[in-house]
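Trainee: Got a structure for you, questions after.
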């Protein structure tokens, strides 16, 4: 038999064999293999970094899992740095493991996230909405100010704009997007670009 | 005190019966309930709040559960969801935790004394009332997901 274990909207994808899934909202992240997440370095234990990814266990990241890293050429990672990587091992029985290179050895955007900027947490549903192709929120925000954005599937977003004030404005809008309808968001952005 | 401890144990046993713990080994799930005001039927209120919190957090559950309190008055009538005043005057207070899958009883606790037939009648009334509470859960969740 089939048992539904979470509440949410039932979605259907007609392509291929067809798939049904339950789209649920939650704030707590559970590591999944292949997810790209933002982790915070909490400790350096010999050859391995411990990262806090928001799950129940810290993830491990080997120092060789960066592009161009060798035993002599170690990456410059300090405690408290932000890392954008993906999970290679993530199941309920083992400690999650991350890497910052893809299967061909290139970094493809992963690695240590630069200085400054602002990291904050939102619900997992909002991240999935922002990562959907042609997301209106991102397009509308980019009309406002130029900014850098990193989205982690664990609910963490890192934003950096030219000034601290612009960064904080973008942070507030992204946090409020969770509860605002499209109309309210367009009104808020119109007010801001008018100023 | 002892009363709070017993309430904690009852809540814990009910939650453990529906939570799919196999999906989260070596993990602690802690549930914190803060009583803002108590107007009677506190235990079933806690049960309902606990179920909604588990739903909202996205924890995998095998079934939903709800709490219903029945007060048996001295003349034999059954009162559902008694107020604090009605609880004091009643001959017996019975609280049931009812699962949503088949309206089976997950937890039953009694304060006072009643006969077996009276308990069966209270149970039947509680199972009927459970449908109303589950409908409330459904409406709340629908309202929450309508904003997405």
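The values are calculated or read from the model by the stated rules, or taken from the named source; none is laboratory data. Computed from a predicted structure; not experimentally measured. Because the Cβ atoms are built from the backbone with ideal geometry, glycine has one as well, and the counts that use them run over all protein chains shown.
Trainee: Going through B:54, B:94, B:80 one at a time, which residue ends up being under 21 Å from residue B:32 (Cβ atoms) and within 16 Å of the chain's Cα centre (by Cα)?
Mentor: Of B:54, B:94, B:80, the one residue that is under 21 Å from residue B:32 (Cβ atoms) and within 16 Å of the chain's Cα centre (by Cα) is B:54.
Trainee: If a residue has to be over 16 Å from the mean Cα position of the chain (by Cα) and either surrounded by 17 or more Cβ atoms within 10 Å (Cβ to Cβ) or in contact (Cβ under 8 Å) with a residue 40 or more places away in the chain (or both) to count, how many in the range A:70-87 make the cut?
Mentor: Of the residues in the range A:70-87, 3 are over 16 Å from the mean Cα position of the chain (by Cα) and either surrounded by 17 or more Cβ atoms within 10 Å (Cβ to Cβ) or in contact (Cβ under 8 Å) with a residue 40 or more places away in the chain (or both).
Trainee: For the range A:45-52, indicate whether the set of residues that are within 14 Å of another protein chain (Cβ to nearest Cβ) and without any contact (Cβ under 8 Å) to a residue 40 or more places away in the chain is non-empty.
Mentor: no
Trainee: Based on this model, can you work out whether residue A:119 counts as free of Cβ contacts under 8 Å to residues at least 24 places away in the same chain, more than 14 Å from chain B (Cβ to nearest Cβ) and under 16 Å from the mean Cα position of the chain (by Cα)?
Mentor: The answer is no for residue A:119.
Trainee: Could you look through the range A:177-195, keep only residues that are part of a helix (DSSP H, G or I) and surrounded by 13 or more Cβ atoms within 10 Å (Cβ to Cβ), and pick out the one that is modelled with the lowest pLDDT?
Mentor: The qualifying residue modelled with the lowest pLDDT is A:192.
Trainee: Still on this structure, I have one more. List the strands (runs of 3 or more DSSP E) that sit entirely inside the range B:1-108 and contain at least 1 residues that are in contact (Cβ under 8 Å) with a residue 60 or more places away in the chain.
Mentor: Filter on the range B:1-108 gives B:65-72, B:92-99.
Trainee: Looking at (1) surrounded by 13 or more Cβ atoms within 10 Å (Cβ to Cβ); (2) within 14 Å of another protein chain (Cβ to nearest Cβ); (3) without any contact (Cβ under 8 Å) to a residue 40 or more places away in the chain, which is the only condition residue A:125 fails?
Mentor: Unmet condition: (3).
Trainee: A follow-up question, please. Restricting to the range B:112-148, count the residues that are within 20 Å of residue B:41 (Cα to Cα) and surrounded by 14 or more Cβ atoms within 10 Å (Cβ to Cβ).
Mentor: Selection size over the range B:112-148: 14.
Trainee: Quick one: would you say residue A:59 is in contact with a strand residue (DSSP E or B) (Cβ under 7 Å, 6 or more places away or on another chain), more than 30 Å from residue A:3 (Cα to Cα) and more than 14 Å from chain B (Cβ to nearest Cβ)?
Mentor: yes
Trainee: If a residue has to be more than 13 Å from the chain's Cα centre (by Cα), crowded, with 17+ Cβ neighbours inside 10 Å and part of a strand (DSSP E or B) to count, how many in the range A:25-54 make the cut?
Mentor: Residues flagged as more than 13 Å from the chain's Cα centre (by Cα), crowded, with 17+ Cβ neighbours inside 10 Å and part of a strand (DSSP E or B) within the range A:25-54 amount to 4.
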